[in-house]
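Notes follow the structure.
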Amino acid sequence: MDLLTMIAKMSEGLGRTCAIFFLTLLFSLPLGMIVALLRMSKSKVVSGVVRFIISVLRGTPLMLQLLAVTYGPYYLFGISISRNKLIPVVIAFAINYAAYFAEIYRGGIESIPVGQYEAAQVLGFTKAQTFLRIVLPQVVKRILPSVTNEIITLVKDTSIAFTVSYQEMFTIGKQIANSQTSFLPFVVAGVFYFAFNAIVDFVMGKAEKAMDYYK
Amino acid sequence: MNVLRIQNAEKHFGDLQVLRDISLTVDHGEVVSIIGPSGSGKSTLLRCATFLETLDGGEIDYMGEAAVRTEDGKVVYAKDLNAFRRQFGLVFQNFNLFPHYTVLKNLMDAPVTVLKRPKAEVRGECMELLRKMGLEDKADAYPCQLSGGQQQRVSIVRALAMKPQILFFDEPTSALDPELTGEVLKVIKQLAEEKMTMVIVTHEMAFARAVSDRVIFMDGGVIVEQGKPEDVFGDTQQERTRQFLRNYQQ
């Protein structure tokens, strides 16, 4: 198999790679905010439970979580494994990344000086207005570099989907590598990820710059 | 009429009692300065009056309406506290401007969002206030582009834009170097001449003497002495007050 055929075959999987990437972001970014707010709940029970869940999600491999989400329902309840692997992949990824985003959000929210809340309170803003108008915009600016880090990791983590044989780019590359006994597909995959992250870098750099208008 | 009436205010932080049976009324157009050593409770009194801290006992009225009452030893706050918040403005030591908003947006946001007033009208008023402060060319600047003195003047305008009945200042010049202190004090003085009702917690003795109708000296959570500035400063009655003022007369 020549290089061009290899690239063409692996490109077919790029759409699925992108599907994992964008769907994970779509669900995990907002889910992370809900988790962060629950983590900061005044109720010790709620914050304690959420804290434990976050520590499990961050303390065990994503690969393991992906296997659990994909095959767990079959082994536990005898539910047949869904043929569309995208669903368990996105569920596992979204939950895992939400845990990381939640901790980033929490750090950002807690870094906002208490004086901002007090000023808003004295001016008569409601709690929701204070959060949405005063706190959140400042949080977004502060956490953007950390979020960029996570997004870059996510691009590379999409390759973990090969463990459940979801036909994304890396899975196809691995299959070609096996059948052709060639290392070349891995080089191609590396170039793909690097190019993908160059785009991520560029976009997030623009976003950071757009928020540079205040300190 | 009393703009503000505080009766028998009590406040503890754990075992530490920071306010002991404080009573204070402020009349319309009156300028009251509160002086005293650190930890005397003067800032806490202001924070309780503005609901940033909750009282452990006592009463607070604004414009004759009950905001806080103590019934059977339990402190009860009025249901709609925001209605009372409209009566006062608070200027913080550290300004607490919103860094992501321009100066003009800092001023307009609360009147438009909270009071639901028409934008164009609010904008006109805010620009007028900025002109008065000599800050009209800073309307589109962000707080980080201003000096400390300018930021504090903007935060005074932010409080004024809500058209409060009474304005509280919590050590408004303590975060400023001496050079910038003057421009902020000048603004407060100007407000005093316009008969704005104000309560000012300050360490600027000369300023308190010049601008106030009444000076209150607090120590250990109680009002030790109060009266006309010429009496408190010139004819001090209490030994504790004399001791405190001596530190400022070098």
For the stretch A:1-58, size of Cβ-based charge dipole, Lys and Arg +1, Asp and Glu -1, in debye: 540 debye
Cα gyration tensor shape for the stretch B:38-120, rounded if a/c is under 1.5, else prolate or oblate: oblate
Do you know the relative contact order of the stretch B:146-250, to the nearest whole percent, from alpha carbon pairs under 8 angstrom that are 6+ apart? 20 percent
Added length on full extension, which subtracts the Cα-Cα distance from 0.36 nm per residue, A:THR153 to A:ARG83: 22.5 nm
Run the reach check for A:LYS209 against lysines, Cα to Cα strictly under 19 Å, same-chain hits fewer than 8 apart removed. What comes back? A:LYS141
Quick check: the distance between the Cα centres of the stretch A:95-145 and the stretch A:196-212, to the nearest angstrom? 22 Å
Could you tally the net charge around B:PHE84, taking each other residue with its Cβ under 12 Å from the Cβ of B:PHE84, Lys/Arg +1 and Asp/Glu -1? 0
Could you tell me the accessible area of B:HIS12 in Å² (1.4 Å probe, neighbours in place), rounded to the nearest ten? 70 Å²
I need two numbers for the stretch A:1-150: Rg to one decimal and Dmax as a whole number, Cα atoms only, in Å. 19.8, 71
Per its Cα gyration tensor (rounded if a/c is under 1.5, else prolate when a/b beats b/c, else oblate), the stretch A:95-215 is best filed as prolate
What are the lysines whose alpha-carbon lies under 28 Å from the alpha-carbon of B:LYS79, with same-chain residues fewer than 8 places away excluded? A:LYS42, A:LYS44, A:LYS127, B:LYS11, B:LYS42, B:LYS116, B:LYS163
Between B and A, buried accessible area summed over both sides at probe 1.4 Å, in Å² to the nearest 100? 2000 Å²
If amide H atoms are modeled at 1.01 Å from N in the peptide plane, then the residues at a separation of 5 or more from B:GLY89, or on another chain, having amide H under 5 Å from its own are B:ILE166, B:LEU167, B:PHE168
Angle check, please: helix B:119-132 long axis (alpha carbons) against the longest principal axis of chain B (alpha carbons), in degrees 0 to 90, nearest 10. 70 degrees
Helix A:3-39 sits off the longest principal axis of the Cα atoms of chain A, rounded to the nearest 10 on a 0 to 90 degree scale, by 20 degrees
When the Karplus curve 6.51 cos²θ - 1.76 cosθ + 1.60 is applied with θ = phi - 60°, which whole-Hz ³J(HN,Hα) does each residue of the stretch B:89-94 get, with x for Gly and Pro? x, 10, 9, 8, 4, 9
To the nearest 500 deg cm²/dmol, what mean residue ellipticity at 222 nm is calculated for chain A from DSSP H runs of n ≥ 4 alone, each contributing -39,500 (n - 2.57), summed and divided by the residues? -26500 deg cm²/dmol
Once both axes come from the Cα atoms, what is the angle between helix A:184-210 and the longest principal axis of chain A, in degrees from 0 to 90, rounded to 10? 20 degrees
Number of partner chain Cβ atoms within 10 Å, mean per residue of B:106-115: 3
Report, ordered by chain and residue number, the lysines lying within cross-link reach of B:LYS138, taken as a straight Cα distance under 17 Å and ignoring same-chain residues fewer than 8 apart. A:LYS215, B:LYS105
With the other protein chains left in place, how much accessible area per residue, in square angstrom, belongs to the protein assembly as shown at a 1.4 angstrom probe? 48 Å²
What percent does the relative contact order of the stretch B:43-84 come to when contacts are Cα pairs within less than 8 Å and at least six residues apart? 26 percent
So which residue, out of A:VAL56, A:VAL114, A:VAL46, gets the largest mean-square fluctuation from a GNM of chain A using Cα contacts under 10 Å as springs? A:VAL114
Share of the protein assembly as shown's accessible area from carbon and sulfur, percent, 1.4 Å? 57 percent
A:TYR75-B:ALA78 FRET efficiency (beta carbon distance; Förster radius 60 Å; 0.05 resolution): 0.55
Given unit charges at Cβ for Lys, Arg (+) and Asp, Glu (-), the dipole magnitude of chain A about its Cα centre in debye, nearest 20, is 560 debye
Which ³J(HN,Hα) values, rounded to whole Hz and listed in residue order, are derived for the stretch A:120-126 from phi using the Karplus coefficients 6.51, -1.76 and 1.60 in 6.51 cos²θ - 1.76 cosθ + 1.60 with θ = phi - 60°, glycine and proline given as x? 5, 5, 5, 6, x, 5, 6
Given +1 on the Cβ of Lys and Arg, -1 on the Cβ of Asp and Glu, and no further charges, what dipole in debye does the protein assembly as shown carry about its Cα centre, rounded to the nearest 20? 1540 debye
Ranked highest first by average number of other Cβ atoms within 10 Å, how do B:141-154, B:59-72 line up? B:141-154, B:59-72
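The values are calculated or read from the model by the stated rules, or taken from the named source; none is laboratory data. Please read all numbers here as calculations on a predicted model, not as lab measurements. Cβ sites come from the backbone with ideal geometry, for glycine too, and all protein chains shown count toward neighbours. Heads up: the accessible areas ignore ligands, DNA and RNA and are worked out on the full protein's heavy atoms, side chains in. Shrake-Rupley method; radii C 1.70, N 1.55, O 1.52, S 1.80 Å.
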